[in-house]
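The values are calculated or read from the model by the stated rules, or taken from the named source; none is laboratory data. Worth saying up front: this structure is predicted, and the values here are computed from it rather than measured. Virtual Cβ from ideal backbone geometry, glycine too; neighbours counted across all protein chains shown. To get the accessible areas, we keep the full protein, side chains included, count just its heavy atoms, and leave off ligands, DNA and RNA. Shrake-Rupley method; radii C 1.70, N 1.55, O 1.52, S 1.80 Å.
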Amino acid sequence: MKIRFQLLNHCLENQPLTIVVVSLFLGMATVALADYKPPSEPSRPKQPTIISGTRGGCSKNGKAKLTTLAPQEHIGQTVSTHPTFAWFVPEAESLTMKFQIYPDDVNEYPQPIQNIELQTKPGIMTHSLSQDELGLSVGQRYLWQVVIICEPNHPSSAIVAQAYIDVVQESPDLKIALAAATNPVDRADIYAERGFWYDGFGEVLACGDDARHRELMRNLLTDLAKIEASGKSKDGSQKSERIQQILDIEWKKPVCN
């Protein structure tokens with residue numbers, strides 16, 4: 001199965017003049033990007049989806065935890081049958097990781113429709129379903145998860161994080177709005193304000209790793225953290241705290257300008 005696998009890397013060069021110029025665009029981008037707004041009638045997970053335990057990671061001393069970058073208090077939506085998934089990896093050491101997607105059905109022991117082995121890299125990692133392969137089905141719900149294999153001989157030591165995704169039909173008005181969009185930032189704006197988390201965040205991830213688009217990504221994650229915290233549940237509070245930790249770590253790194 002073909003995949004597109006992407007890691008957001010960071011430049012280490014310091015270029016003061018360039019940063020000043022880019023900062024002007026950052027202000028414009030912040031204004032241009034709408035807040036992420038959950039679906040008007042959001043669905044909620046049937047079971048808790050933060051199940052990776054209390055450890056930071058396999059090393060047990062990380063400041064952040066393995067975290068899916070997707071809604072927790074409600075189920076995130078997409079209009080794409082080949083969406084992009086994103087998660088945060090706390091481990092500096094390269095370890096075996098599995099990316100899996102399961103149909104959300106009544107089967108007690110469902111079989112994954114996708115089960116891919118990867119190697120971890122620290123920071124934000126992404127995976128997009130290939131357009132060359134059969135995608136997800138409209139009208140269906142799926143559970144996706146990432147698993148870090150800490151000790152191959154001890155399966156119980158694995159670190160797991162997961163989230164649900166709903167694939168919904170694209171409406172005529174959304175098609176019209178997207179057709180009028182001239183760039184990925186506009187498309188991310190359209191998706192975000194209509195409640196399509198996976199599409200909006202995916203557009204920003206695909207834009208690159210320059211300072212402007214990292215600012216847009218931070219805006220969306222900040223919105224998500226606030227929404228998770230407002231849900232009042234323990235799962236939502238934990239997810240909000242995790243996202244805040246990730247923001248503190250990732251946005252202290254230098255970027256390509």
*Somewhere in the stretch 146-158, is a residue open to solvent by less than 20 Å² (accessible area, probe 1.4 Å), more than 24 Å from Glu91 (Cβ to Cβ), touching a Gly at 6+ places or on another chain (Cβ under 9 Å) and part of a strand (DSSP E or B)?*
no
*Residue list for the stretch 119-132, filter: part of a strand (DSSP E or B) and crowded, with 17+ Cβ neighbours inside 10 Å*: Gly123, Ile124, Met125, Thr126, His127, Ser128, Leu129
*Of all residues in the stretch 90-109 being over 22 Å from Asp199 (Cβ atoms), surrounded by fewer than 17 Cβ atoms within 10 Å (Cβ to Cβ) and out of contact with any Asp or Glu (no Cβ under 8 Å at 6 or more places or on another chain), which is modelled with the highest pLDDT?*
Ser94
_Scan the stretch 174-185 and tell me whether some residue there is touching a residue at least 24 places away in the same chain (Cβ under 8 Å), more than 15 Å from the chain's Cα centre (by Cα) and more than 28 Å from Ile243 (Cα to Cα)._
yes
